[in-house]
Structure formats: structure tokens, C-alpha cells
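Here's the structure we're looking at; comments come further down.
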Amino acid sequence: MKVGFIGLGIMGRPMAGHLINGGHTLFAYDINPVPADLVAAGATACTSGRDVAEKADVIITMVPDTPHVEAALFGENGVAAGLTAGKTVVDMSSISPIATKGFARRINELGCDYLDAPVSGGEVGAKAASLTIMVGGPDAAFEKVKPLFELMGKNITLVGGNGDGQTTKVANQIIVALNIEAVAEALLFASKAGADPAKVRQALMGGFANSRVLEVHGERMVKRTFNPGFRIELHQKDLNLALSGARALGLSLPNTATAQELFNACAANGGSGWDHSAMVRALEMLANHEVAPTPQAVAAE
Ligand code: NAD
């Protein structure tokens, strides 16, 4: 297939690489220069989203937030300006489900299909082609693009119509944030009580409290490795989508609101760019205690 890829950052770059390795012809664009390794692998660097849309049949976007998708699709020299009927636009960024429905309508008016297909699995999943992909849009468009999804991910689900993929991603981000909060509180409690948090985490890994977050983010909390990974500012964006959506729907998400406040506290202390596991730092400030190995554990090392 002739595939366009717009947004070649932490996630987009390895995802685009898998499409080239899968034998597809890639037309790439980013507001920054297209990474040299992709060009060396055969990607054509394009001058705009319009240029990409004129050359490709399926156009993928992987940019930070709702305004970036809007700019990439409908801005000057954006994708919409280069589309002709029968092409398919696939947004794999994590953005507003409500804005997504509007974007889909505007793309449909040009005779083209739209899929929202955000991902979970992080940079590790993008590199390993093991992303979870949650899709909203028409069946036929999903079947057409599925071979591309299969080169980038493993658990690929058509959830429903346009917007439902993004809604699923917001749900995912609620679960991950609350899991991080739970693991952070538990390790902080254990540490303040005098137990070694590394051993506590290890002890809990086989039981009912186990989770990917305990494994990955719990380890980061114990080892104090807060370089991203997934930046707090991106998780704030996602919880903002959850909380503004909840407000529009007339429902209360009390613990999502608390998790967002803890991220806000991190940001207020210079942590917008920390990995989201650093939520533990906000709780540590409240407790005036840091998750740290016991003196016995340090002595034993
Ligand atoms: P990133 O900031 O590393 O990359 C985004 C890229 O988009 C950048 O290269 C930027 O130059 C480009 N860009 C921005 N506006 C553009 C425009 N108008 N036209 C063309 N290019 C433009 O971000 P990322 O970590 O790759 O995340 C991308 C999306 O994936 C976000 O919505 C994020 O929430 C989601 N996501 C990220 C992770 C993760 O672990 N990083 C995991 C799952 C989902």
C-alpha cells in the first residue's frame, strides 16, 4: 500500500519503520525533519500533509494532541487539501473523542473514510510492534487498514463507530492513572512503616495486587528513574479529556480528579516532563517521606 505517516516522534518513528519493513511504500512528514533512518530505509520525505495525502492512499497521523491533529488535517497545506475520494485517514494520536467525531464528518464529506485508532503500550510497545490498538470507524475501512495495524500492534479491536476508539483510550488512561496512584500509595505506606519497598513490590508481584503498573511503574518508583517514558503532561491531557467528558456527560469521576490533581502538583514542581510514575513524588510531598530502601537493605547490597 501507499501509506502516509505524519508525526514521527517517540511513537510515530518506530511505527513508521515497521510499515516500511512490512513492504509498504511510505510517504512521511513532520514539522521537524523526517528522521534520517526512515529516509535511509526508503521513506519519501514530503513537504506537507497535503503532499502526503496526494501521494498516499492511507494517511496516518501520530501527533501530540487535538489541536495538532486539527492542524495536520485541516490547516494550511494540510491532509484535507490533498485528499481525493476513496482514501482513508487514520488518526492514531490520543485526542478528544468529541472532536474526533467532527474530524471524521469533515473527512467523510470529502468522500474519504476516517478511523480513530489510538494505541497503548508506550515506546516499548511501538518499538516491539506489540501495541494495543483501539479503533472506531466503519467495518470496511477497518478491514482495509487492518494489515497495517497488524505490523504495528497485537491486540487490535474495532470497538464501534468514530470516537469509540478515542473513548476506549480515555478509559485506558483512567485505569493506568488510578493504578499508578494505588501503587504509589502502597509503596509509600510500606516504606514509611519501615519495610523495604523493593521487597514489598517483589512480594506483591505474584498475588492479586499484581499489575503491569506494579511491575513497570513500581520499579521506577523504587529505583527513582523518572526520565520518560510517558510524560506527565501527556497524561494530564488524557485525564483532562476524561474529566471534561465526564462533565459533558453529567457524571462524577472522583478518583480521576484526584489523580489529575497529583499530576498538577508534580507539574507545579517542575515535573511536566517527568515520567507519569513520578506521581509518587506528589504523594511523597504530602507525606514528607520518600519511597526509599531501608538502611538494612542498603547495607545488604
Ligand atoms: P512526540 O511529541 O514524541 O511526537 C509527536 C510528533 O508530532 C513530533 O515529532 C512533532 O514534531 C510532530 N507534530 C506535531 N504537530 C505536527 C503537525 N501539525 N504536523 C506534523 N507533525 C506534527 O509524541 P509521542 O510520544 O510520539 O505521542 C504521540 C501521540 O501518541 C500522543 O497523542 C500521545 O498521547 C500518544 N501516545 C504516546 C505514548 C508514549 O508512551 N509516548 C503511548 C501511547 C500513546
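The values are calculated or read from the model by the stated rules, or taken from the named source; none is laboratory data. Treat the numbers as computed from the prediction; the structure is a model and nothing was measured. Heads up, the Cβs are rebuilt from the backbone with ideal geometry, glycines too, and the neighbour counts pull from every protein chain shown. Surface areas here come from the heavy atoms of the whole protein model, side chains and all, with no ligands, DNA or RNA. Shrake-Rupley method; radii C 1.70, N 1.55, O 1.52, S 1.80 Å.
For region 233-241, the criterion of being farther than 16 Å from residue 94 by Cβ and either in contact with a Cys (Cβ under 8 Å, 6 or more places away or on another chain) or not in a loop (DSSP other than H, G, I, E, B) (or both) is met by no residue.
Just one of the listed residues (42, 102, 86, 49) is at pLDDT 95 or above, of a type in the set (Gly, Ala, Ser), out of contact with any Asp or Glu (no Cβ under 7 Å at 6 or more places or on another chain) and within 10 Å of the ligand (Cβ to nearest atom), namely 49. Of the residues making up region 105-131, just one is within 13 Å of the ligand (Cβ to nearest atom), assigned to a helix (DSSP H, G or I), buried (at least 16 other Cβ atoms within 10 Å of the Cβ) and free of Cβ contacts under 8 Å to residues at least 40 places away in the same chain, namely 125.
Please find, within region 242-269, the residue that is farthest from residue 165 (Cα to Cα) out of those that are open to solvent by 60 Å² or more (accessible area, probe 1.4 Å) and not in a helix (DSSP H, G or I). Among residues in region 242-269 that are open to solvent by 60 Å² or more (accessible area, probe 1.4 Å) and not in a helix (DSSP H, G or I), the one farthest from residue 165 (Cα to Cα) is 269. Hey, could you check region 221-232 for residues that are more than 13 Å from the ligand (Cβ to nearest atom) and assigned to a helix (DSSP H, G or I) and say which is surrounded by the most Cβ atoms within 10 Å (Cβ to Cβ)? Checking each candidate, the answer is 221. Taking the criterion of being in contact (Cβ under 8 Å) with a residue 40 or more places away in the chain and over 19 Å from residue 65 (Cβ atoms), the only residue of region 76-91 that qualifies is 88. Looking at residue 35, is it more than 16 Å from residue 148 (Cβ to Cβ), within 13 Å of the ligand (Cβ to nearest atom), open to solvent by less than 30 Å² (accessible area, probe 1.4 Å) and at pLDDT 95 or above? So residue 35 fits the description; yes.
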